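Have a look at the structure below, then the notes.
The values are calculated or read from the model by the stated rules, or taken from the named source; none is laboratory data. Fair warning: this is a prediction, and the values are worked out from it, not measured in the lab. Using ideal geometry, Cβ is built from the backbone for each residue, glycine included, and neighbour counts are taken over all protein chains shown. Quick note on the areas: whole protein, heavy atoms, side chains included, nothing else; ligands and nucleic acids left out. Shrake-Rupley method; radii C 1.70, N 1.55, O 1.52, S 1.80 Å.
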There are 2 protein chains.
Amino acid sequence: MAAPVPASVWSVDPRTGKPREQVAVEATPEEIDQTVRSAHAVRTALADRTRRAAFLRAAADLLDESAGHVIEAADAETALGPGRLTGELARTTYQLRSFADIVDEGAYLDIVINHADAAQTPPWPDLRRLKVPLGVVAVYAASNFPLAFSVPGGDTASALAAGCPVVVKAHPDHPATSELCVDALHRAAERAGLPGEVVQLVHGFDAGVELVRHPLVTAAGFTGSVRGGRALFDAAAARPHPIPFHGELGSLNPVVVTEAAAVERAEQIGEGLAGSMTLGVGQFCTKPGLVLAPAGANGDRLLKTLTHEVSEVEAGVLLDHRMRDAYVAGVRERAGLPDVEAPVTPGAGGAHTVGAGFLSVPAARLAAEGPHDLLLEECFGPVTVVARYTDEAEITAVLSRLPGNLTATLQLSTAEAGDPAGRGAELLAVLTPLAGRVLVNGWPTGVAVAPAQQHGGPYPATTSTSTSVGSTAIERWLRPVAYQSTPAALLPAELHDANPLGLPRRVDGRMEPGPTEQAPTAP
Amino acid sequence: MAAPVPASVWSVDPRTGKPREQVAVEATPEEIDQTVRSAHAVRTALADRTRRAAFLRAAADLLDESAGHVIEAADAETALGPGRLTGELARTTYQLRSFADIVDEGAYLDIVINHADAAQTPPWPDLRRLKVPLGVVAVYAASNFPLAFSVPGGDTASALAAGCPVVVKAHPDHPATSELCVDALHRAAERAGLPGEVVQLVHGFDAGVELVRHPLVTAAGFTGSVRGGRALFDAAAARPHPIPFHGELGSLNPVVVTEAAAVERAEQIGEGLAGSMTLGVGQFCTKPGLVLAPAGANGDRLLKTLTHEVSEVEAGVLLDHRMRDAYVAGVRERAGLPDVEAPVTPGAGGAHTVGAGFLSVPAARLAAEGPHDLLLEECFGPVTVVARYTDEAEITAVLSRLPGNLTATLQLSTAEAGDPAGRGAELLAVLTPLAGRVLVNGWPTGVAVAPAQQHGGPYPATTSTSTSVGSTAIERWLRPVAYQSTPAALLPAELHDANPLGLPRRVDGRMEPGPTEQAPTAP
C-alpha cells in the first residue's frame, strides 16, 4: 500500500475566503514522534539560565526587526488589521523580555532551604527545594491572537523561560505567520547558542491529538474553544501517565450594573460596554458576554446609548468562515428565544463579515433552567446579552447559575464604590468565586502582562487554577524537587549556602532577597 | 420498594481478623449530597484567618489530650503498635500547629500588588492578586497512617488552613479511630467558634465515588493505591466540571549503590537498607523497593549484611487481610521469575502476619521489557529487590525504565560525594527527573514536615506536581484572584496599600516582609 499523501496546509484570506498559498503539510504520527523526541533530546541545552534569558531577548529583538513582514503576514491571514497587530506584536515581545527578566531574577525557582534541625517532630534532615522544568511542553495556538497566544506567545515564552522545550501546534487560521515566527525563534536560538529543536512547529488537527498523547510530552498549554480544549484535556487525563493540561476554553465575562451606577452614569456605561464588546470584532476571550442591567428608566438610558454606539460599529471580518457561520447561527438561535429582543440585530454583514449587535432579555428568564440557558454560553463575536433585572434577587439568581469565568465586572456608583459595608462590597463577594479577575468600574477586555495578573478562572474559563498571562504563568511548567542530606559539592549552585547566584530564597524561615529585591524603605 | 438497609461499617482486629464492633454505616448518595451541601454552606465561616489558626491549634491540643484513647483505638485497628502510633500522633499534631503558623504568617496568600503603570505594554491598571480557597475538599484517608494521612492528617490540615471545608472519606481499616478523630476536630471547631460542618466524615467505597463526583466538591486529596487512586482521578477528570485531584499513588523509591560506596561501607549500607525496608513492616510509601547494587565481592558483602539483618526481623501484621494476601501473592510471583533468588524468602508469617525478605536479580534482566517488569512495580510490605549490575550502563538502562517516584536515593563513597564533576554528580542528574525528593547517603523512609519538603513526584508517585507533606501542601487548595481597579473601600484588608495585617507581599517588584520575615543578618 502506498503511503498516504500528507495533507496540505494552506494560508487563506479571510476577507475573501480564497486560498493564498500552500505553507506546509500536516505532520504524520511518525513526524510528531520525531519532533517530540528531538525536543526531548535537547532539553538539557535549556538548563543554562543566562542562555535562556538571552534566547528570549533575541527572539523579541528579531520579531521586532521583522515587524513589517510579521504584521503583513498576520493581517493577510487574520484580517485583524495592522493597528491591532502592531499592538499585539509589542505585547508579544514585551512578554518575551519580561520572561527573560523573570529567568534572570530567579524568584520563580521558589527556593526553600531548611538546615537540619533535630528539635522538630519528626527531626528535619537538611532539605533544599527548588523547581525544575517538567520537560517537553505542547502549546496549542489560538486563532484570535496570531502572535501573543500563538507561536511566540505567552505559553511558549513561559515554557521556554521555565527551561522546557516547546512543540507548538499551529492554528490553521494563520500557518504562514506561524512559520515566520518559528523562523525568528530559530534564529534567536542560534544567536543564543541553542539548538533549534528547543522550539518547533507542527501543523494538523490529528498532529495536535498525537502530540498530547506522546509519552515524552509532559504538559500542555491551550487557548481555544470549550469543545476542542475539552477533547485535548480528556486525552491528557486518559494517558497511561496523565499530564497537566492548562487550557483556556471559554468565558462569558459577566458584568453587573447596579441601579445606582445607572442613575449616576448610564450613558458612560453604555458607551464603555459598546467599546469593550465590539473591540476587535468581539474576538476577545474577555469580551463581556452577559450584562445584568436594571429594568426601568435608568437601564433604558444605558440601552439607548448602547444601541446608538453599537449601531455605528462597522461590519468586520471574523477569523474564518467556520467562526463567522457559528456566530451567525448562534445569534440567530439566541434572538429567536421567547422574550428576547434585538435592539441592534447582530448577524451576517457582507459575504465575509459580521455585524455587531446585542440582545435584551428579562433577567427572570435566566434565573431558572430552561431554553434561555443558551444565553449563558459564550457566543464568539461582537454580541452581548443584556439581562434586565427588576430586583436584586434576580441578580443573585442569575449569577448563581453561571459557570466559571476569566473575568467578572462590577459597575458601581461613587457611593457604592466607597462603602465597605454596602451593596458594592456584597456584590464583590458574590462575583469573586465566579472568576479569576474581578474588576470594578472598568472593562474586562485588555489583559495586562503583569506579575499580579490572573488570566484563568473556574472551569470552563480554564482547566487548571493557573494563569496563562503574567509572571506566574511560568509556574505551570515546573515541579519542585527537594534534595535531602546532599553534599554541597553535588548540589546545584542555586542551593549552596553562600547563595553565589544571588537568588531570592527562603532559608530557615527568613527571606534572602535576590539582587533586584531589596527591602522597601519605610512606608 | 423498601429502601435498602445501609451497609454496616465494622472495626476489625488485624491481629486476629475478627470484627471488634460496628462503628457506623456507609453513607447513601443522599447523605453524601447533604454532607457536601452542609460543608459548602459553612465555607464562609472559615474566612477568618485568626479563627482558622485557633481551630487547628485546638485540634492539636484535643488530640494530644486524647492521646491515650486515640493510640489505643488505632493500635487495635491497625496493629501498628503504640510506639509508632505515639510518633505518628506527635507528627500529626505538629502538622496541625505548623499549618496554624502558616495561616498566621500569610505568605501562602502569595500576594502581588502592581500599581497602575501607563509605561507598560499594554499599560497596567491597578492589579492586586491574592489566593482564595477553592471550596469543599474531599480527602481520602490512607490505610497505613491512621492519623497523619487520615482524618486529622496533612490533607485535612492543609485544606482547613487554606479555608476549605473538608469531607473525609474514612479508610475502612480504621473506622473507629476515624470517628474518634473527627470527634476531636468537632470539639476543636466548637472551641474556635466554628460550625462542626467545616469537617465531616463519611464511610463507604461508593460514598467515596459519589464524593469526587459531587458538583460542589472542588478538589480532592488522596493517599493510597495506584488502582484506587487512578479510578478516582479518572472520575475527577471526567466530571462536567473537572477538579484537581491530588493523589499519592505508588512509588518504587529506587536506590543506587555505587561500586565505590560498596567498597567503602557495604555493611553499613546493608544495615541501613534492612532498617529502611522493614521499618513499620515495610508499610511506608517511601520504602526502598529497588536497589541497584554492584555484582561481585563488594556487593556480596552488602547482601551478606542485608541477609543477616533481614533474617532477624520478626514477622509483623500488615494492615488488613487483603494487603497481607496481596503481599504473599506478590512476593511469590516475583520470586518465581527466572534468575530471581531469595536470600531471605519474603512471604506469609503466622496466620495473620508476614515475614520480611528480599529478592536478588541480575540488573540486565530489568534493562529491557519483559516479565521481570513486575519487579519495577511497587510491592507493598517488607520486601525489596536488589538488582546486581555488572557495569554502569546497566544502572542507566534500568533507571531509564522506571516510572515516577516519591524518592530516589544515592549511596556514594566519600570521594564521589565530594566531587562536583564525578560519578556522583552524574547519577544525581539522572535521578532528579525520576523523583520529587532525592537523597544522598540517607534512607527515604521518614518524611520531615518542613517548608522545603517535597512529597510528590512524577506519575504514578503523584497525580499532580504538588506535595502532600510540608508547608507548600496548602497550595493545592487555593486559586489566585486578581482585583483590577478596585476601590480601596472594597478591597480585602490583605490588599490595602498600608498592609494593615503585616503580610509578606510583593509590591511593584519589591518584597514587603511580613511580621515573621525579617531581612537576614549579614552572612
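Residues that are part of a strand (DSSP E or B), under 15 Å from the mean Cα position of the chain (by Cα) and of a type in the set (Val, Ile, Thr) occur at least once in the range B:138-145.
Results for (1) in the same structural domain as B:Pro195 (by TED's automatic domain parsing); (2) outside any strand (DSSP E or B), shown as yes or no for each residue.
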residue	(1), (2)
B:Val5	no, yes
B:Ser11	no, no
B:Pro19	no, no
B:Glu30	yes, yes
B:Gln34	yes, yes
B:Ser38	yes, yes
B:Arg51	yes, yes
B:Phe55	yes, yes
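Out of A:Glu88, A:Glu77, A:Glu30, which single residue is modelled with pLDDT of 95 or more, open to solvent by 30 Å² or more (accessible area, probe 1.4 Å) and of a type outside the set (A, V, I, L, M, F, W, C)?
A:Glu30
Filtering the range B:424-443 to residues that are at the interface with chain A (Cβ under 8 Å from one of its Cβ atoms) and closer than 21 Å to A:Ile111 by Cα leaves B:Ala425, B:Leu428, B:Thr432, B:Pro433, B:Ala435, B:Gly436, B:Arg437, B:Val438, B:Leu439, B:Val440. Specify the residue that is nearest to the other protein chains (Cβ to nearest Cβ); the eligible residues are those in the range B:444-462 that are under 17 Å from B:Gly289 (Cα atoms) and among the small types (Gly, Ala, Ser). Selected residue: B:Gly446. Only one entry in A:Gly270, A:Gly299, A:Gly289 is touching a residue at least 24 places away in the same chain (Cβ under 8 Å), within 27 Å of A:Gly355 (Cβ to Cβ) and touching a Cys at 6+ places or on another chain (Cβ under 7 Å), namely A:Gly289.
Scanning the range A:387-402 for residues that are under 25 Å from the mean Cα position of the chain (by Cα) and within 11 Å of A:Pro254 (Cα to Cα) returns A:Leu399, A:Leu402. Mind listing just one residue for me: the one in the range A:463-474 that is facing chain B (nearest Cβ under 9 Å) and not small (Gly, Ala, Ser) and, of those, most open to solvent (accessible area, probe 1.4 Å)? Looking at residues that are facing chain B (nearest Cβ under 9 Å) and not small (Gly, Ala, Ser), I get A:Thr465.
Going through the range A:80-97 one residue at a time, which ones are without any contact (Cβ under 8 Å) to a residue 12 or more places away in the chain and not in a helix (DSSP H, G or I)?
Of everything in the range A:80-97, just one residue is without any contact (Cβ under 8 Å) to a residue 12 or more places away in the chain and not in a helix (DSSP H, G or I), namely A:Gly81.
Of all the residues in the range B:150-171, those that are hydroxyl-bearing (Ser, Thr, Tyr) and either touching a strand residue (DSSP E or B) at 6+ places or on another chain (Cβ under 6 Å) or not in a loop (DSSP other than H, G, I, E, B) (or both) number 2.
The numbered conditions (1) under 29 Å from A:Gly457 (Cα atoms); (2) of a type outside the set (Phe, Trp, Tyr); (3) modelled with pLDDT of 95 or more; (4) out of contact with any Ser or Thr (no Cβ under 8 Å at 6 or more places or on another chain) are all true for A:Ala297 except (1). B:Arg15 passes every criterion in (1) among the basic types (Lys, Arg); (2) within 14 Å of another protein chain (Cβ to nearest Cβ); (3) open to solvent by 60 Å² or more (accessible area, probe 1.4 Å) apart from (2). Cβ-Cβ contacts under 6 Å between residues 6 or more apart (or on different chains), taken from a first residue in the range A:39-65 that is of a type in the set (A, V, I, L, M) to a second residue that is open to solvent by 50 Å² or more (accessible area, probe 1.4 Å), are listed as A:Ala39/A:Glu197; A:Val42/A:Glu197; A:Ala53/A:Asp104; A:Ala58/A:Arg191; A:Ala60/A:Arg97; A:Leu62/A:Arg187.
Filtered by the rule that a residue be at positive phi, facing chain A (nearest Cβ under 8 Å) and either open to solvent by less than 40 Å² (accessible area, probe 1.4 Å) or without any contact (Cβ under 8 Å) to a residue 12 or more places away in the chain (or both), the range B:475-509 gives B:Asn499, B:Gly509.
Of the set (1) crowded, with 23+ Cβ neighbours inside 10 Å; (2) more than 30 Å from B:Leu130 (Cβ to Cβ); (3) among the hydroxyl-bearing types (Ser, Thr, Tyr), all apply to B:Ser225 but (1). Only one of the numbered conditions (1) surrounded by fewer than 24 Cβ atoms within 10 Å (Cβ to Cβ); (2) in contact (Cβ under 8 Å) with a residue 60 or more places away in the chain is violated by B:Ala235, and that is (2). Selection of first residues in the range B:98-115 that are surrounded by fewer than 20 Cβ atoms within 10 Å (Cβ to Cβ) and of second residues that are assigned to a helix (DSSP H, G or I), restricted to Cβ pairs under 6 Å at least 6 apart or on distinct chains, gives the following pairs, ordered by first then second residue: B:Asp104/B:Ala53.
Which members of the range B:355-391 meet the condition of being open to solvent by 10 Å² or more (accessible area, probe 1.4 Å) and free of Cβ contacts under 8 Å to residues at least 40 places away in the same chain? Within the range B:355-391, B:Ala364, B:Arg365, B:Ala367, B:Ala368, B:Glu369, B:Gly370, B:Pro371, B:Asp373, B:Asp391 qualify. When you scan the range B:64-82, do you find a residue that is within 14 Å of another protein chain (Cβ to nearest Cβ) and more than 25 Å from B:Ala159 (Cβ to Cβ), even just one? Scanning the range B:64-82, I find no residue that is within 14 Å of another protein chain (Cβ to nearest Cβ) and more than 25 Å from B:Ala159 (Cβ to Cβ), so the answer is no. Just checking, does the range A:142-156 include any residue being surrounded by 20 or more Cβ atoms within 10 Å (Cβ to Cβ), among the polar types (S, T, N, Q), within 13 Å of chain B (Cβ to nearest Cβ) and under 26 Å from A:Pro175 (Cα atoms)? No, there is no match, as no residue in the range A:142-156 is surrounded by 20 or more Cβ atoms within 10 Å (Cβ to Cβ), among the polar types (S, T, N, Q), within 13 Å of chain B (Cβ to nearest Cβ) and under 26 Å from A:Pro175 (Cα atoms).
Here B:Leu306 clears all of (1) assigned to a helix (DSSP H, G or I); (2) farther than 24 Å from B:Ala408 by Cβ; (3) more than 13 Å from every other protein chain (Cβ to nearest Cβ) except the condition numbered (2). Is the range B:118-129 home to any residue that is open to solvent by less than 10 Å² (accessible area, probe 1.4 Å) and either touching a His at 6+ places or on another chain (Cβ under 9 Å) or not in a strand (DSSP E or B) (or both)? Yes: one or more hits.
Looking only at the range B:109-130, decide whether some residue is among the basic types (Lys, Arg) and facing another protein chain (nearest Cβ under 9 Å). Looking for residues that are among the basic types (Lys, Arg) and facing another protein chain (nearest Cβ under 9 Å), one finds at least one in the range B:109-130, hence yes.
Just to be sure, is A:Val167 in contact with a helix residue (DSSP H, G or I) (Cβ under 7 Å, 6 or more places away or on another chain), assigned by TED's automatic domain parsing to the domain that holds A:Thr44 and among the aliphatic types (A, V, I, L, M)?
yes
Among (1) closer than 21 Å to B:Val398 by Cβ; (2) surrounded by fewer than 23 Cβ atoms within 10 Å (Cβ to Cβ), there is one condition B:Ala329 misses while meeting the rest; what is its number? The failed condition is (1).
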